[in-house]
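K.L.:
The structure is given below, and queries will be raised subsequently.
Read the figures in this text as sums done on the coordinates, not as results from a lab. In this text the structure is predicted, and so the values were computed from the model without any measurement. Positions of Cβ are backbone-derived with ideal geometry, glycine not excepted, and every protein chain shown enters the neighbour counts.
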Amino acid sequence: MCAVRADWSMDHDYGVDRLRRSYDSVPPGQTVRLAKRTSNLFRPRATPRTPGLDVTGLGGVLAVDPVARTADVQGMCTYENLVEATLSHGLMPLVVPQLRTITLGGAVTGLGIESTSFRHGLPHESVREMDVLTGAGEIVTARPEGDHADLFAAFPNSLGSLGYATRLRIDLQPVRRFVALRNVRFTGLTELVEAIGEITGTRSWEGVEVDAMDGVMFSPGEAYLVLGTFTDRARSVSDYTGQAIYYRSLRERTHDTLRTHDYLWRWDTDWFWCSAAFGVQHPVLRRLWPTRWRRSDVYHRLVRLEHRHRVFARLDRIRGRQQRERVVQDVEVPLENTAEFLRWFARTVGMSPVWLCPLRLREPSGPGSARAWPLYPLRPGRSYVNVGFWGSVPIAPGAADGAVNRAVEQAVAQAGGHKSLYSDAYYDRESFDRLYGGAAWRAVRNRYDPQHRLTGLYEKAVARR
Ligand SMILES: Cc1cc2nc3c(=O)[nH]c(=O)nc-3n(C[C@H](O)[C@H](O)[C@H](O)COP(=O)(O)OP(=O)(O)OC[C@H]3O[C@@H](n4cnc5c(N)ncnc54)[C@H](O)[C@@H]3O)c2cc1C
């Protein structure tokens, strides 16, 4: 095994030891929680009153095995660091979420998705085994089979309510130097959905292989699929970390090529299109805004400041402007209901642009080999489209803050889909239990955290609003 750190087991043991000691110092009866530097959660969180678990020694890549095509990675390692380590071996994780500071543990327990998801499913589906610190303070190694298979299955979408992953072994895939892109325009959603179905089935479009697929809807009459093919050849490459802005390029060019590294982080630089809220897309301010601050974690910190101080909301109120409801969601809709859902969305919510990312549960050994995950029950063999929208809408006169988010929850449920839980959620406990595998979650929690030291899933995802 080609170790990224020669002495990884010692370093790792040291990190785990610190974590354990910090767990032991939490008085019985007090909730155990993580003290993590970065986060991609969007719902407001109460300021913690007690110190969290020390994860400072758990942020690295332990080893990359180019022969077995696996990596051993610590739970709090960011994808930015993980990708840097694997690309130097000509490899990448099967699915790399778009935001640089998403951690592997966070993406496995909180779900993640990207343009390779129509081939490889979600990040948790490339985990071979993981070490988990349970609520009872034990470290267990969970695998798809064996003693802790129940924890392995229930961990995805448990949001840290069943324990914290300290080390994960994941599958990697070979990668080439560039990604050639085709930006294919659709003027109708029915045609768009048909194309997604064809590409998901054949993994090609007009005779050319498709390795990656996502898309953007600007309106029901103007949507694009971005079809990526890994290649070693490029006549010229684009760079969207400077003045040019990636999402605009979809409307401006039919073909493009990016370095693989730049492709993986193409959405991070402008946080998809959300950097516009800070003026970063204005040509003058963009020149002044340091390149190193064109990153999703910088924007995220600014948003957190606003959540805390509500400066813009107060200014709006003083100026007599309409108050706004934050609508930041990613939802998964079955492919066959996607066009209808998007039309409903354009009519009722009206936010634009909207990100589209097709997905299917991973089939590691061919059709029919996908496994199901109880806390996020997508159906094996069925195609879905992740629809992402991040912004705010004016609160209509007489309507309550949250009304649009509730309407989205209802429309998604009617379409037979699911909603990710990183942002605002309004479900009542019974519906939440039904949609997110409540019975399976409780059985695993009672086994691994009998004293309920970790915050419950419903409390994390909904009740703390
Ligand atoms: C605007 C926005 C857009 C997004 N878009 C995408 C997207 O396009 N693609 C995508 O893949 N994802 C996306 N996400 C979701 C993101 O992947 C998840 O929220 C993920 O959980 C974030 O990982 P993190 O490491 O930042 O975790 P955090 O935000 O720090 O934590 C998330 C939860 O996971 C728990 N947790 C963290 N680390 C561990 C661990 N090692 N073990 C167990 N539990 C842990 C925490 O306790 C917390 O409850 C988006 C989120 C936002 C806010």
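K.L.:
Express in nm, to one decimal, how much length is gained between residue 204 and residue 253 on full extension, taking 0.36 nm for each residue of separation and deducting their alpha carbon distance.
P.N.:
Taking 0.36 nm per residue and subtracting the Cα distance, the gain is 15.6 nm.
K.L.:
For n ≥ 4 DSSP H runs only, could you compute -39500 (n - 2.57) per run for the chain, divide by its residues and tell me the 222 nm figure to the nearest 500?
P.N.:
Helices in the chain give a 222 nm mean residue ellipticity of -8500 deg cm²/dmol.
K.L.:
At 7 Å along Cα-to-Cβ for each site, give me the label-to-label distance between residue 399 and residue 235 in nm.
P.N.:
4.8 nm
K.L.:
For residue 328, which sequence-distant residues (separation of 5 or more, or a different chain) have an amide H within less than 5 Å of its own amide H, given hydrogens modelled in the peptide plane?
P.N.:
Distant-sequence amide H within range of residue 328: 391, 424.
K.L.:
Within region 327-356, what residues put their amide N at less than 14 Å from the label point 7 Å along the Cα-to-Cβ vector of residue 276?
P.N.:
Only 350-355 pass the distance filter.
K.L.:
Give me the dipole magnitude in Debye, nearest 20, for the chain about the Cα centre, with unit charges on the beta carbon: positive for Lys and Arg, negative for Asp and Glu.
P.N.:
So the dipole magnitude of the chain works out to roughly 1640 debye.
K.L.:
Also: Return 278, 152, 389 ranked ascending by Cβ neighbour count within 10 Å, so the fewest neighbours appear first.
P.N.:
Ordered by Cβ neighbours within 10 Å, fewest first: 278, 389, 152.
K.L.:
How far, in nm, would the chain grow between residue 24 and residue 428 when pulled straight, counting 0.36 nm per residue and subtracting the alpha carbon separation?
P.N.:
Taking 0.36 nm per residue and subtracting the Cα distance, the gain is 142.0 nm.
K.L.:
Of all GluC sites (Glu not before Pro) in region 76-142, which ones are in loop regions per DSSP and have a Cβ with at most 15 other Cβ atoms within 10 Å?
P.N.:
138
K.L.:
What net charge is computed for the residues neighbouring residue 450, neighbours being all others with C-beta under 14 Å from the C-beta of residue 450, Lys and Arg scored +1, Asp and Glu -1?
P.N.:
Local net charge: +2.
K.L.:
How long are the semi-axes of the equivalent ellipsoid of region 197-314, defined as square roots of 5 times the Cα gyration tensor eigenvalues? Whole Å, largest first.
P.N.:
Three semi-axes, in Å: 31, 17, 13.
K.L.:
In addition: Please work out the FRET efficiency for the pair residue 439 and residue 136, using the Cβ-Cβ distance as r and a Förster radius of 22 Å; give the result to the nearest 0.05.
P.N.:
0.60
K.L.:
On each of the three principal axes of the Cα atoms of region 151-253, give max minus min coordinate, whole Å, ordered largest first.
P.N.:
46, 34, 32
K.L.:
Sticking with this one: Taking the Cα centre of region 181-277 as origin, sum charge times position over the Cβ atoms of Lys and Arg (+1) and Asp and Glu (-1), and report the length of that vector in debye to the nearest 20.
P.N.:
The calculation lands at about 240 debye.
K.L.:
OK, next. Pull out the extension gain between residue 11 and residue 150, defined as 0.36 nm times the separation in residues minus the alpha carbon to alpha carbon distance; nm, one decimal.
P.N.:
Additional length available on full extension: 47.2 nm.
K.L.:
Oh, and also: Work out the length of the dipole vector of region 300-456 about its Cα centre, built from +1 on the beta-carbon of each Lys and Arg and -1 on the beta-carbon of each Asp and Glu, and round it to the nearest 20 debye.
P.N.:
So the magnitude is around 500 debye.
K.L.:
Antiparallel DSSP bridges in the chain: what percent, to the nearest 5?
P.N.:
95 percent
K.L.:
To check my understanding: the extent here is largest minus smallest coordinate of the Cα atoms along each principal axis. What are those three numbers for the chain, in Å, largest first?
P.N.:
57, 56, 48
K.L.:
Can you list residues from other chains, or at least 5 along the same chain, whose modelled amide H is less than 5 Å from the amide H of residue 129?
P.N.:
169
K.L.:
Turning to a different aspect of this structure: Can you compute the modelled spin-label distance between residue 293 and residue 446, with each label point 7 Å from Cα toward Cβ, in nm?
P.N.:
Once both label points are built, they end up 5.3 nm from each other.
K.L.:
Return the FRET efficiency for the residue pair residue 414, residue 322: r is the Cβ-Cβ distance, R0 is 25 Å, and the value is rounded to the nearest 0.05.
P.N.:
0.35
K.L.:
Cα centroids of region 414-440 and region 149-228: how far apart, whole angstrom?
P.N.:
Region 414-440 and region 149-228 have Cα centres spaced 23 Å from each other.
K.L.:
For region 316-381 and region 81-118, what is the separation of their Cα centres, given in Å?
P.N.:
So the two Cα centres are separated by 20 Å.
K.L.:
Just order 359-365, 212-218, 157-163, 102-108 by mean Cβ neighbour count inside 10 Å, highest at the front, would you?
P.N.:
So the order, starting with the most tightly packed, is 102-108, 157-163, 212-218, 359-365.
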